[in-house]
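No lab work stands behind these numbers, since they all come straight from the coordinates. Quantities reported herein were computed from a predicted structural model and do not represent experimental measurements. Quick reminder, even Gly has a Cβ in these numbers, built from the backbone with ideal geometry, and neighbours come from all protein chains shown.
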Amino acid sequence: MANDTRVAIVMGSTSDEGHLEPAFKLLDLFGLGWEKQILSAHRQPDELRRYIEDADSRGVAVFIAAAGLAAALPGVVAAHTLKPVIGIPVPGGPLKGIDALLSIVQMPGGIPVATVGVGSNGPKNAAVLAARILSLTDESVGKKLQEHRDSMR
């Protein structure tokens with residue numbers, strides 16, 4: 001693989017980036033190459049589609065998509081790829097992220113998005129889930145996951 005990027009993290013707004021910092025740190029800990037991109041499903045639909053469709057050329061194997069409120073972004077990503085998509089509902093707005101959680105969880109049949117919780121554990125669990133998916137074909141990632149789990153004892 002010419003590029004070591006394996007996880008693409010997409011967020012709809014610059015305001016989501018701080019919430020995702022724990023995911024960035026864990027992906028680094030697991031030795032997984034990742035990239036982040038700010039692309040709105042509503043304001044930049046064509047750019048988002050091109051970014052997703054070009055994932056293979058960049059080595060992307062898993063997408064993490066973070067969104068708040070109506071949270072269309074994870075579903076749009078899933079609509080344009082067969083790769084695993086993990087949705088992170090970003091807390092905010094009048095419902096504090098519950099609306100985003102429900103939006104991501106209620107994907108139509110055939111367009112799944114794995115969904116993690118609202119709040120500070122969501123980004124952490126998204127990174128761990130991405131690593132678990134990648135560990136299916138990379139034993140070294142599995143070893144790092146086990147080390148991480150052991151460190152939490």
Most fluctuating residue of Ser120, Ser57, Ser135 in a GNM of the chain with Cα springs under 10 Å: which is it? Ser57
Just tell me which aspartates and glutamates come within less than 16 Å, Cα to Cα, of Lys36; anything on the same chain fewer than 8 places away is out. Asp4, Asp16, Glu17, Glu21, Asp28, Glu47, Glu53, Asp54, Asp56
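For a quick check: sort Thr115, Thr81 by the number of other beta carbons within 10 angstrom, fewest at the front. The partial results should precede the final answer.
Working: Thr115 25, Thr81 17.
Least crowded to most crowded, the residues run Thr81, Thr115.
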Mind checking which of Leu82, Leu129, Leu32 has the largest fluctuation in a GNM of the chain, springs on alpha carbons under 10 Å? Leu82
Computed over the chain, the relative contact order (Cα-Cα under 8 Å, seq sep at least six) in percent reads 23 percent
Name the most mobile residue of Gly93, Gly109, Gly75, meaning the one with the largest mean-square fluctuation, in a Gaussian network model of the chain with Cα contacts below 10 Å. Gly109
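Against the globular-protein guess of 2.2 N^0.38 Å, express the Cα radius of gyration of region 1-110 as a ratio, rounded to two decimals. It would help to have the intermediate numbers written out before the result.
Working: Rg = 13.4 Å, N = 110, 2.2 N^0.38 = 13.1 Å.
So the Cα radius of gyration is 1.02 times the expected 2.2 N^0.38 Å.
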Between region 1-32 and region 49-89, the Cα center-to-center distance that results, in Å: 12 Å
Among rounded, prolate and oblate, which fits region 18-65 when a ≥ b ≥ c are the square roots of the eigenvalues of its C-alpha gyration tensor, a/c under 1.5 means rounded, and a/b larger than b/c means prolate? oblate
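Please order Met107, Met11, Met152 by the number of other Cβ within 10 Å, starting at the fewest.
Values: Met107 18, Met11 23, Met152 5.
Ascending number of Cβ neighbours within 10 Å: Met152, Met107, Met11.
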